[in-house]
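First comes the structure, then the notes that go with it.
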Amino acid sequence: MLSIPIDQCLPQVPRLSGALPGPRAQSLIDRDQAVTSPSYTRGYPLVAARGEGCMLEDVDGNVFLDLTAGIAVANTGHAHPQVVQAIQAQAAQLLHMSGTDFYYAPMVELAEHLAACAPFPAPGRGPRARVFFTNSGAESNEGAFKLARYYTERSLIVAFLGAFHGRTYGAMSLTGSKAVQRQQFGPLVPGVTHIPYGSHASLDYLEQQLFPTILPPNEVAAIVVEPIQGEGGYIVPEDGFLERIRQICDHHGILMIVDEVQSGMGRTGQLFAVQHWGVMPDIITLAKGIASGLPLGAILARPHLMSWPPGSHATTFGGNPVACAAANTTLKLLETGLIENACRMGEVFRCGLDQLASRFRCLSPPRGKGLMVAVDLLDPGYNLDSKLRDQIVDQAFYRGLLLLGCGQAAIRFCPPLVINHDQIGVALKILADLLAEV
Ligand code: PLP
């Protein structure tokens, strides 16, 4: 067991010690704004200094309860001692050697572990999956896009409106989220068709309208789908939606690519969200929570699909030994309690949100799975109210609660998977107080 000096531990509930932002935070924000890209989407003025579990301390000593996990990344909690120890030990041994050209143990170990738990059919012999390591979600989707075209020798792709897959050209072309993400960046990668997400009506449209007219299915390489749409609003698809995509893909020789960048790594109460539906995709893309905060992503593919030859796809940093060491420990922590905690605490959270939704008419009932949960904010006519959402997210910060929006008017709750009952209680109380005031 690793011991933490108790007097250095952060309190487990918010503790604000003055007006926000404090003087150190304000000074850093001023310096940041002078030199960093204005394309970053900063909301409230949080300047993070230290994290521990679900708690985050800013540079002025204010302590916040973090229900963002750094955009669904810190799944094992901020600075989990075992992850920190794995990083420190690996950093002292080998920082970099490039898995593209050489071999090292942490990358092999991680690939074996991921291959063993990939929700792909068990082969007669050999591993269930092959793995390509990347540095980010966008890069994972970019690579999956290339792999699908390479393997199928087809060029067309089907993706979904509301989807977010990243910012590089291939990933951006798959993304169907916000106009600002595309405006003035064209032309994008050709061949991607977007259809509405989550409903059988949309798949009817694909099969009955698009396939016979402008999208010959034997030219479609892949359908790329998030099992639960993340940035799009934590949208859970209709029953049978993912199963039907699998059937369509099987029928036409199309690859099913599941983007688990946000929904994966235990967040929904399964290692991969697609496992809730018992669907086995052809390719899974990962990033965010895989290495507890170190930059790492992965493409898992059924073994025969990785038919591309040496040199066809590679990266200098992807699968960096320190990031792989963090990921190896992350996987062990997920499998030895955190996935289970995501299940249990997810239920507690949804129950609490349900109660709030029955008390406050401006709140929709919650949706999601495990600790990937969201509610919409509604105006008096029950229309989505993005202004109210922004106001609640902003005000929560000034009460010590860190939240993020998603979709048109949703607040998403994606805390570290180490969250406990008491912390959920504190979050719900702050939310209830805010809702009572608006
Ligand atoms: N895919 C999904 C589902 C995401 O939610 C995101 C980021 O939010 C990405 C891909 C892109 O990941 P990254 O920001 O690491 O490139």
Exercise. Search the range 246-263 for residues being farther than 17 Å from ARG302 by Cα and within 16 Å of the ligand (Cβ to nearest atom), and hand back the single one that is nearest to the chain's Cα centre (by Cα).
Key: GLN262
Quiz item: Do we find a residue being closer than 29 Å to GLY346 by Cα and buried (at least 16 other Cβ atoms within 10 Å of the Cβ) anywhere in the range 103-110?
Solution: yes
Quiz prompt | Residue list for the range 400-427, filter: touching a helix residue (DSSP H, G or I) at 6+ places or on another chain (Cβ under 8 Å) and surrounded by fewer than 18 Cβ atoms within 10 Å (Cβ to Cβ) | solution = GLN408, ASN420, HIS421, GLY425
Exercise. Please verify whether the range 126-146 includes one or more residues that are on the phi < 0 side of the Ramachandran plot, free of Cβ contacts under 8 Å to residues at least 12 places away in the same chain and within 21 Å of the chain's Cα centre (by Cα).
Key: no
Quiz item: With respect to ARG361, is the statement that it is surrounded by fewer than 19 Cβ atoms within 10 Å (Cβ to Cβ), at pLDDT 95 or above and under 27 Å from MET265 (Cβ atoms) true?
Solution: no
Practice problem: Among the residues of the range 74-113, write down those that are free of Cβ contacts under 8 Å to residues at least 24 places away in the same chain and charged (D, E, K, R). | Solution: ASP101, GLU112
Quiz item: Is there any pair linking a residue in the range 175-188 that is more than 9 Å from ALA163 (Cα to Cα) to one that is hydroxyl-bearing (Ser, Thr, Tyr) and part of a loop (DSSP other than H, G, I, E, B), with Cβ under 7 Å and at least six apart or on different chains, and which?
Solution: GLN181/THR175
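Matching residues to (1) in contact with an Asp or Glu (Cβ under 8 Å, 6 or more places away or on another chain); (2) away from the ligand (no atom under 16 Å from the Cβ):
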| site | (1), (2) |
| --- | --- |
| TRP308 | no, yes |
| GLY311 | no, yes |
| ASN320 | no, no |
| LEU377 | yes, yes |
Self-check item: Subset of the range 22-65 (residues that are closer than 25 Å to GLN423 by Cβ and without any contact (Cβ under 8 Å) to a residue 24 or more places away in the chain)
Solution: ARG42, ALA48, ALA49
Quiz item: Restricting attention to the range 330-349, does a residue exist that is within 16 Å of the ligand (Cβ to nearest atom) and touching a strand residue (DSSP E or B) at 6+ places or on another chain (Cβ under 6 Å)?
Solution: yes
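The values are calculated or read from the model by the stated rules, or taken from the named source; none is laboratory data. The shown structure was predicted, so the numbers you read here are calculated from the model rather than taken from an experiment. Because the Cβ atoms are built from the backbone with ideal geometry, glycine has one as well, and the counts that use them run over all protein chains shown.
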